[in-house]
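S.K.: The structure that follows is given in the form of structure tokens.
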Amino acid sequence: MTVDELVDALISRADLPDPSVGATSSISPPVTDDTTVPVETWATIHEQLHQDRLPRLDEEGVLEFEPTCGTVDRVGPGPVGQRLRSPAVVGVVSIVLLFVLAVLVTASMYTAVTVTVAATTFAVWFLPAYGVV
């Protein structure tokens, strides 16, 4: 895809109606062609993409941008390391670790209470019988 095609696609997407507004609206979506967008606006978007945003996305590995040819290509799925550091994976791992920590703390609390009750029961029932207390 060329940068020109990308600008055209972005402009046409910007003119699409918001699907959350509702399908019962009687307003028809605007028709986008080259005559409805001022040339200055198109040129500004093209320049921003070509000089700033596309090179930055290329550096981050999101897409492949060839500035001399003016082409933009998609990049396949990233390495496993990037996917493992995604917010969704980090969130799930955090929740699982929190659950495991809660189970361990709860188990240790149950153990402490059980030992305390057993020691108290032993002290109250058996030690007076042997004259220790």
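S.K.: Within region 55-71, track down each residue that is in a loop (DSSP other than H, G, I, E, B), surrounded by 13 or more Cβ atoms within 10 Å (Cβ to Cβ) and of a type in the set (Val, Ile, Thr).
M.R.: 62
S.K.: Can you find, within region 76-133, the residue that is modelled with the highest pLDDT among those that are assigned to a loop (DSSP other than H, G, I, E, B) and among the hydrophobic types (A, V, I, L, M, F, W, C)?
M.R.: Within region 76-133, the subset assigned to a loop (DSSP other than H, G, I, E, B) is 76-79, 85-86, 126-127, 131-133.
So of that shortlist, the ones also among the hydrophobic types (A, V, I, L, M, F, W, C) come out as 126-127, 132-133.
Values: 126: 77, 127: 72, 132: 63, 133: 59.
Selected residue: 126.
The values are calculated or read from the model by the stated rules, or taken from the named source; none is laboratory data. In this text the structure is predicted, and so the values were computed from the model without any measurement. Positions of Cβ are generated from backbone atoms using ideal geometry, with glycine treated the same way; all protein chains shown enter the neighbour counts.
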